[in-house]
Structures are given as C-alpha cells and as structure tokens.
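Step one of this worksheet: look at the structure below.
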Amino acid sequence: MQRLLGNLLIVPTLLVTVLLFGTVIRRLLGVRLGPVRTVAAAVLALLVVGPIMQTLTPDPVPTDPATIALLLGLTVCCASLVAMAVVVIAEAIVPDGSLPGPVELLHGWRSRFARTRRYGEIVRIAVRHGLGRFLRGRRHVGVASSPSRRQLARSVRRALDDGGVTFVKLGQQLSTRRDLLPREFVEELTHLQDDAAPVDWARIEEVLRAELGRPVEEVFASVDRLPLAAASVAQVHAATLTDGTEVVVKVQRPGITRVVERDLDILGRLARTLEVRTEWGRSLGLTTLAAGFAEALREELDFTVERDNLRAVGAALTAAPDRGCGCRRPGRGGAPPGCW
C-alpha cells in the first residue's frame, strides 16, 4: 500500500518540478517561450539534476543541513543554466514559432494525403484517356496531321471534363488562346460546358445564412427555391427583398473554394514538373499559364470583384448624359451614319 501511494505521488511531484524549472528558466531568460519548448527545457533540467548532484557532492557525503541545502541550490542553478543554454541554442537554430504545432502538423498531413490522393486521381484520368505518354519527357510523333490532332484534342477535352470544375475552367480559358493552341484544340475545348446539377435548397440556405449573418427571411420577402441556372461554381435564384425590390441572388456552391484551391495547388505543381521534364511544357510556358489561370479563377470565386464591376458599370450608365446624336427623325433616306 505504501509503495502504491509512493508511485502515485511521483507523477504530481514530477509535474510540480517541471513547472518550477520552467518558470525559473523563463524568468532567467527574460523572454516568452512556447509551452512545448518550456516543458522540454524543464525536463532536460530535471534529467541533469542527478549527474550534477553526484559531481558536486564531496566524499564523504556531508550531513550538515546547511551544506546539503547549499549543494542542492548549486545543483538547481547548474541544471537551470544547462537547460537555458540548450534553449538559447535551439532558439538560434530554430526560432520559437517557426515549427508547426501538433494541430498544424495534423492538418498538414491531412492536406498532403488529400492532395496526393487527388493527384493520383488526375494522373489516372489522364492515363485513361490516353494522355499518359505526354506526362513523360520524350518527344512524341503522330500529331502532325489534322486528324491526329483532332483525336488528341478530343481526349484532352474528355480528360478535363472528368477532372472537375477547375479543369473545366482551365479548358474554357485555353479555348480562347488561339495564339498557343492549334485550331483543332481550340474548337474541341469550346465544347466544354459549365452546367452542373443544382444544389439542394437546404444547403444553399445555409450558405446564405452564413454570409448574411442572419436568417434569410429577414433579408428576403421570398426566394425561389428552384434556381434559374446552375453552373459548376455557383447558381442563381430569383428573390424579392423585404422592400419589394426584385433581385437575382448568386450563391457559391458549398465547399467549392476548398476544392478549387486544392486543384490549383496540384495544377501548379504539375505545371512546374511538366515544364522541367517535357519539351512541350517548356515551349508553352506552363508555369506562367497556370499562375495566370489560378489568379483568374480566384478572382471569379471572389464575388465582390463582380459586384464592384457591376456597380462601376451601373454608375457609369447613370452618370452618362443622354445626349443623343442631334439627328432629326429619319425620313425616307434613313438615319445618318452613326445614329441609332
């Protein structure tokens, strides 16, 4: 029973000792240390107490209480100095806060796992559509004729379509780059559609409530639960404000930002890899293309940009005077050139 009680008292004694050493070290250094680094320094000090005590204790062992207290004080000071020296060296090599904490590490591993899984999925999509050979650095033949380019463009379009919203958007943007892509690719990529199945109203209502910061009923007198249109990024609903004004509400699809950011990160990494390993990647400047596309897509996801542009256009139309052209009503000869 006494041994059990002694074992139970070891844990709180160690905790108190560690806290005491941590407080002493933090006070002596005069800087604010993180909890992990403070506990590590205190544990180190506790570990070196025994060897230091053995080194300082003379032979024979003194029995005078004053001498024992002096030796104990010197031991604590020496152990604290050792721990402080280690903390200073660690702070110089790896400053406090430069390493992620346990939560950040867990989140980082989860992100890496999700990215790796998505990366593997993208590679499988490319291979399934016959594009695996273009992920390597060897030169490829067989795309010099128009039919072969048409077939390859069709495979690229299908792969982008299977890749999801980010890659569909990429294909749509590439379809406007006639300066970079052959005619067959431009024509094929224009067939990429941005339609998507509508999101249930319950989830859309959650997004609206979170963005508005209050119930939807306090802002809108009514909202049509069936969307007017649904795309891969957002969908729009007809609504009426509480003052009777009829409006159209554009709502971003739930979770689309996280999906797009993950795919943009993968797309950037893939572009850098292909630019280094393949001749066609270097010739197209894939890294620059990927960066420009990422910026444009992030701007599309930021609805405040679209709002500000609409306000600017509305203000310009309101401020523009209705001068007309000063022409008389057209007769048999019609209106003069430039009049409408």
Suppose the chain between D161 and R177 were pulled fully straight at 0.36 nm per residue; how much longer would it get relative to their current alpha carbon spacing? 3.9 nm
When Lys and Arg each count +1 and Asp and Glu each count -1, what net charge do the other residues less than 13 Å away from V305, Cβ to Cβ, add up to? -2
Per-residue counts of other Cβ atoms within 10 Å, averaged by peptide: what ranking do you get for 210-220, 177-187, 230-240, 269-279, highest first? 230-240, 269-279, 177-187, 210-220
How charged is the neighbourhood of Q235? Take every other residue with its Cβ under 9 Å from the Cβ of Q235, and add Lys/Arg as +1 and Asp/Glu as -1. +2
Which of H191, H129 is most accessible, then next, and so on - probe 1.4 Å: H191, H129
One quarter of the convex hull surface, Cα atoms only: what value does that give for region 237-312 in nm²? 7.0
On a 1.4 Å probe surface of the protein chains, which of W280, W201, W109 comes out largest in accessible area, and what is the full order? W109, W280, W201
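The values are calculated or read from the model by the stated rules, or taken from the named source; none is laboratory data. This one's a predicted model, so the numbers in the text were calculated from it and none came from an experiment. All Cβ positions, even for glycine, are placed from backbone atoms using ideal geometry, and neighbour counts span all protein chains on display. Remember, those area values only see protein heavy atoms, side chains included, never the ligands or the DNA or RNA. Shrake-Rupley method; radii C 1.70, N 1.55, O 1.52, S 1.80 Å.
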